[in-house]
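The values are calculated or read from the model by the stated rules, or taken from the named source; none is laboratory data. What you see is a predicted model; the values in this text were computed from it and never measured. Positions of Cβ are generated from backbone atoms using ideal geometry, with glycine treated the same way; all protein chains shown enter the neighbour counts.
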Amino acid sequence: MSIRVLIVEDESLIRWSLRQKFEQLGFDVIEAERGSEGSDLLAHKQFDLVMLDHKLPDVTGLDILRTFRQRDHDTPVIMMTAYSRIEDAVEAIKLGAFDYVPKPFQMDLLLRTVDKALETTRLRREVRELRRHMEHQYGFDRVIGDHSSMKQMMDVVKGVCMSSATTVFLRGDTGTGKDLLARVIHYNSERAPRPFMNITCTAISEALLESELFGHERGAFTDARTQKKGLFELADGGTVFLDEVGDMPGALQAKLLRFLEERTFRRVGGTEEIHVNVRIIAATNRDIEAAIQEGAFRSDLLFRLNVVTIDIPALHQRGEDPAALARIFVHQFATEFRKDITSVSDAAIGKILNYGWPGNVRELRNVCERAVLLCKSNVIEEEDIVLGNMGVPQPADVGNMPIPAEGLDFDQLEKGLLEQAMAQSGGNQTKAAKLLNMSRDTFRYRLEKFDLIPKRRGD
Ligand SMILES: Nc1ncnc2c1ncn2[C@@H]1O[C@H](COP(=O)(O)OP(=O)(O)OP(=O)(O)O)[C@@H](O)[C@H]1O
Ligand SMILES: [Mg+2]
């Protein structure tokens with residue numbers, strides 16, 4: 001679709017020269033000679049850009065702009081003004097003009113301003129669209145649960161969203177929805193327009209984690225060729241989600257504690273104290289009290305994190321919720337895979353309600369996905385619900401794994417297994433290491449060997 005420009009200008013020569021240029025660029029040009037005509041067009045038509053003369057025979061460009069901005073905050077308006085009236089141009093900017101160009105204008109300068117205006121507006125609209133999408137995607141109704149424990153929990157979540165609480169601690173077993181809740185909290189709070197950044201504290205080495213969180217100055221360490229801002233700085237005004245905080249290395253726990261207490265920090269290798277306003281949402285599926293007993297977690301940090309604590313109940317404690325969740329997941333996957341599935345049989349629901357769900361909602365969701373794929377009719381039957389660990393070979397089988405006649409690349413095999421373990425554990429290195437029966441250090445060493453250390457995720 002071509003760009004639609006309105007030119008409001010009484011001097012016909014200027015209108016003519018602008019039209020020439022814009023039409024060369026493929027724009028759709030509409031002209032107005034008088035101010036009233038321009039106002040009329042603005043009131044009834046949509047434009048992508050408005051070129052507005054300051055001095056018109058009937059009204060001033062500023063008047064037009066003022067009225068227009070009461071209805072439309074988006075469409076870029078570029079004022080055209082004589083050199084002698086620069087103070088009016090300043091006024092125009094205050095009223096929401098994108099910029100002004102002095103007359104007589106240099107065409108290339110004007111076109112650069114036009115370019116910038118269109119690009120800025122496009123980006124602004126895109127960001128707004130994206131935000132609307134996220135806010136919709138992470139509305140409160142995304143969190144499904146009718147059980148009283150879930151209702152109570154959601155009351156607390158809603159309270160947190162409205163509050164100015166800057167620290168929130170989410171506790172719950174794997175797959176209970178910590179990640180989901182962190183996003184719901186962000187996108188339903190005043191912070192929604194600002195960034196949501198997340199980082200998994202176990203996924204990277206201690207030194208890297210520190211520089212990811214706090215940033216670093218140029219030359220702080222060998223690879224630090226330029227200054228880099230950390231998540232706390234990038235998320236200013238928004239939220240930082242510290243996942244698996246229970247596995248954070250000890251030295252960093254002390255630094256996080258200092259940050260939580262003072263809300264200031266220094267970049268690695270830096271001396272300047274930087275102050276930011278971020279909400280920290282920390283999460284863990286670890287028994288943090290036991291970790292304190294073992295000396296793996298600082299009690300003063302727990303005390304700091306515990307300002308608002310949300311304990312997410314395990315799925316098996318949520319009464320009939322697994323059934324409701326299953327019906328919704330089945331419906332979602334059926335739509336996604338274009339399968340005509342209308343219901344879940346009573347026997348299947350019985351099986352779901354009798355199971356313990358060690359992997360909580362994530363496991364239930366996976367089971368439903370598989371059920372929809374397996375289902376041959378339009379009802380999910382008991383046998384479509386496959387529970388327990390699916391198809392994990394026992395250690396004895398692994399040793400007997402046949403080597404293909406043409407041989408195999410051992411490095412590729414190892415790399416593939418590491419990647420699978422990371423994917424299966426949702427990026428949690430401790431769990432991934434467990435899957436492969438090795439220590440976290442060994443696992444991390446191998447990840448580094450294959451350059452598989454995950455990059456920062458931010459959104
Ligand atoms: N109450 C809920 N309603 C709907 N979907 C949910 C709910 N709880 C969790 N889910 C979904 O279940 C999956 C797992 O949730 P999530 O990743 O938030 O768990 P988690 O607590 O962060 O797990 P882990 O400790 O393993 O990181 C996601 O797909 C999430 O959208
Ligand atoms: Mg998670």
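Applying the set (1) touching a residue at least 24 places away in the same chain (Cβ under 8 Å); (2) part of a helix (DSSP H, G or I) to D74 leaves exactly one unmet item: (2). On the stretch given as the stretch 257-289, residues that are touching a Ser or Thr at 6+ places or on another chain (Cβ under 8 Å), surrounded by fewer than 16 Cβ atoms within 10 Å (Cβ to Cβ) and within 24 Å of A224 (Cβ to Cβ) total 2.
Taking the criterion of being away from ligand 1 (no atom under 16 Å from the Cβ), without any contact (Cβ under 8 Å) to a residue 24 or more places away in the chain and among the acidic types (D, E), the residues of the stretch 88-144 that qualify are D99, D108, D115, E119, E126, E129. If you go through the stretch 158-188 and pick out every residue that is under 23 Å from R263 (Cα atoms), part of a helix (DSSP H, G or I) and within 14 Å of ligand 1 (Cβ to nearest atom), you end up with 5. Count of the stretch 154-173 residues, restricted to those that are within 20 Å of the chain's Cα centre (by Cα), closer than 15 Å to A192 by Cα and polar (S, T, N, Q), is 1.
For the stretch 271-289, a residue qualifies if it is part of a loop (DSSP other than H, G, I, E, B), over 19 Å from V240 (Cα atoms) and of a type outside the set (D, E), and the qualifying residues are T271, R286. Within the stretch 290-312, the set of residues being part of a strand (DSSP E or B) and surrounded by fewer than 17 Cβ atoms within 10 Å (Cβ to Cβ) comprises T309, D311. Set side by side, the residues G159, G177, G139 differ, and just one is out of contact with any Gly (no Cβ under 7 Å at 6 or more places or on another chain), away from ligand 2 (no atom under 16 Å from the Cβ) and modelled with pLDDT of 95 or more, which is G159. State which residue pairs qualify: first residue at positive phi and not assigned by TED's automatic domain parsing to the domain that holds G175 and inside the stretch 418-433, second residue away from ligand 1 (no atom under 11 Å from the Cβ) and among the charged types (D, E, K, R) in any location, beta carbons under 9 Å apart, and separation of 6 or more residues or different chains. Close Cβ pairs (under 9 Å, with a partner that is away from ligand 1 (no atom under 11 Å from the Cβ) and among the charged types (D, E, K, R)) amount to G427/R457. Scanning the stretch 253-289 for residues that are over 26 Å from the mean Cα position of the chain (by Cα), under 17 Å from S299 (Cβ atoms) and not charged (D, E, K, R) yields A254, I288. Yes or no: E262 without any contact (Cβ under 8 Å) to a residue 40 or more places away in the chain, touching a strand residue (DSSP E or B) at 6+ places or on another chain (Cβ under 8 Å) and of a type in the set (D, E)? No; evaluated as a whole, the condition is false for this residue. Looking for something touching a residue at least 60 places away in the same chain (Cβ under 8 Å), closer than 30 Å to T442 by Cβ and in the same structural domain as K178 (by TED's automatic domain parsing) - is there at least one such residue anywhere in the stretch 225-236? Looking for residues that are touching a residue at least 60 places away in the same chain (Cβ under 8 Å), closer than 30 Å to T442 by Cβ and in the same structural domain as K178 (by TED's automatic domain parsing), one finds at least one in the stretch 225-236, hence yes. Picking from residues in the stretch 202-227 that are under 20 Å from the mean Cα position of the chain (by Cα) and at pLDDT 90 or above, the one that is farthest from ligand 1 (Cβ to nearest atom) is G215.
Residue-level analysis places Q46 among those that are surrounded by fewer than 17 Cβ atoms within 10 Å (Cβ to Cβ) and touching a residue at least 40 places away in the same chain (Cβ under 8 Å).
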